[in-house]
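Computed from the coordinates by the stated procedures, all read-outs in this text should not be read as laboratory data. In this text the structure is predicted, and so the values were computed from the model without any measurement. Methodologically, a virtual Cβ is constructed for each residue, glycine included, from the backbone with ideal geometry; neighbour enumeration extends over all protein chains shown.
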Amino acid sequence: MQQYKFYATLLDAFEWYLGSEQPTAEQDFIDKINRKPFQSDAAEKGTAFNDVMDIVLTQQHPGEDDKIVTELVKKHKFNYDLIYDLAIHLHGSVPQFFCKRELHTSKGSIEIYGYMDYIKYKKAIDLKTTKTYTLGKYANSWQKIVYPWCLAGEGIFVDEFEFLVTDFEHIYREPYPVQIDNNAGQLTEICERLIDFIEAKRMFITDKKIFGGENNTTTKRTGLLV
């Protein structure tokens, strides 16, 4: 039986496509599947901020790391006090923790994988950068379902998934309790719908990794400012 490979932000993009009325929604989603490159100042800024936080937390090469952080902060005008406050909140976490798990459905098995931004004892954290924030902005994100489910498959159990959000001036916390058993059915349903879509559009999909191929490497993060 066919094995597929999905990741959390792909499910988010599919959910957006299903609810979108934009005329280009289908092509935009196919471009997402094909990992079509695009230029975006917002994406670059979001990626740079995540890089800064990872470097500050790990400090693997202090002299070189300090130089990189200084350059990124100066280029994007990041707030040092904000970085410091986030670093306190994330202290003791492990950045960019890779996890994966196999999901069996009636339409095939799926390897669901991804990099968790940060993981601490009993908590998984996703760092978001945004232009504006409203309470509950990420309530429908599949990340809060996918990552705890994948982690549980590796024997790592978290009680809470937190979106740690910044608009580069303030910090917002959006925590959600983890309910793995209650969400398993929803995950299977959305994945089966995505299988139906990609099989119907197979001729337009050039990145075959989604079909279990290995022609592209895993993307560490999207860097999107959303």
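Okay, here's what the table says:
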| item | result |
| --- | --- |
| 17 Å cut-off, amide nitrogen to a point 7 angstrom out along Val73 Cα→Cβ, residues in the range 161-195 | 168-170 |
| Point-charge dipole on Cβ atoms (K/R +1, D/E -1) for the range 3-211, about Cα centre, debye to 20 | 340 debye |
| Vicinal HN-Hα couplings computed from phi for the range 42-47 (Karplus, 6.51 cos²θ - 1.76 cosθ + 1.60; Hz; Gly/Pro x) | 5, 5, 4, 5, x, 5 |
| Between the range 1-56 and the range 146-181, the Cα center-to-center distance that results, in Å | 19 Å |
| Selection from Val52, Gln143, Cys99, by position along the positive dipole direction of the chain (Cβ) | Cys99 |
| Entries in Lys74/Lys128; Lys36/Lys75; Lys75/Lys209; Lys123/Lys201 that, when Cα-Cα distance is taken, lie over 32 Å | Lys75/Lys209; Lys123/Lys201 |
| Label-point gap, in nm, between Glu192 and Ile171 - each point 7 angstrom along Cα→Cβ | 4.3 nm |
| For the chain, calculated [θ]222 nm from helices alone, where every DSSP H run of n ≥ 4 adds -39500 (n - 2.57) | -14000 deg cm²/dmol |
